[in-house]
Amino acid sequence: MIRGLQPWLEPYASYLVRFFPTLRVTSVFRSYSQQLELYRNRANNPFPVLPPGRSRHQYGRAWDMSGPRRDLEHAGRVWESWGGRWGGVVDPIHFEA
């Protein structure tokens, strides 16, 4: 179970995570202030960070995962085949709907 996602999205994301046991969920829901803090420190982050109000994390429609790059890419392709959006080469840890 991935807490913080919209109820309709959680079963799909949970299934994907179970399918790739090498991947670990690192971030789901973010408050306005959490997103603002990440945005202010985006120069120190290797991945893109959107300003508050533009991130799907704030709406329970995105999550980040860490793990081997090949597994992130495979999970991303699976997620996209299900109609989701994956961050691709630029943001391989990011999954959203």
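Put a dot 7 Å past the Cα of M1, heading toward its Cβ, do the same for Y39, and the two dots end up 3.2 nm apart. With helices as the sole contributors, the chain gives -10000 deg cm²/dmol at 222 nm; each DSSP H run of n ≥ 4 counts as -39500 (n - 2.57), and the sum is divided by every residue. For a label point 7 angstrom out from the Cα of S14 toward its Cβ, which stretches of the range 66-92 have the backbone nitrogen within less than 12 Å? Hits in the range 66-92 for S14 at 12 Å: none. The Cα-based radius of gyration of the range 31-77, divided by its Kirkwood radius, gives an Rg/Rh of 1.03.
Within the accessible area of the chain, the carbon and sulfur atoms contribute 54%, probe 1.4 Å, all protein chains present. The phi torsions of the range 12-29, fed into the Karplus equation with coefficients 6.51, -1.76 and 1.60 and a -60° offset, translate into couplings of 5, 5, 4, 4, 4, 5, 5, 5, 10, x, 7, 9, 10, 6, 10, 7, 10, 5 Hz, rounded to whole numbers, with Gly and Pro shown as x.
For the chain, the dipole from Cβ point charges (+1 on Lys and Arg, -1 on Asp and Glu) about the Cα centre works out to 120 debye, to the nearest 20.
Normalising by residue count, the range 3-62 has a Cα convex hull of 85 Å³ per residue.
Between the Cα long axis of helix 69-81 and the first principal axis of the chain there is an angle of about 80°, rounded to the nearest 10. Along the axis of the charge dipole computed for the chain (Cβ charges of +1 for Lys and Arg, -1 for Asp and Glu, origin at the Cα centre), the listed residues S27, Y12, L72 are led at the positive end by S27. Annotation: per residue accessible area for the chain equals 61 Å², rounded to a whole number [probe 1.4 Å, protein chains only]. In bins 5 Å wide, starting from 0, what share of all Cα pairs of the range 15-97 does each bin hold, as a percent? Pair shares across the bins are 3, 15, 26, 26, 17, 10, 3.
The values are calculated or read from the model by the stated rules, or taken from the named source; none is laboratory data. All figures in this text were calculated on a predicted structure; none of them were measured in a lab. Neighbour counts run over all protein chains shown; Cβ positions are idealised from the backbone, glycine included. Heavy atoms of the whole protein, side chains included, go into the accessibility calculation; ligands, DNA and RNA do not. Shrake-Rupley method; radii C 1.70, N 1.55, O 1.52, S 1.80 Å.
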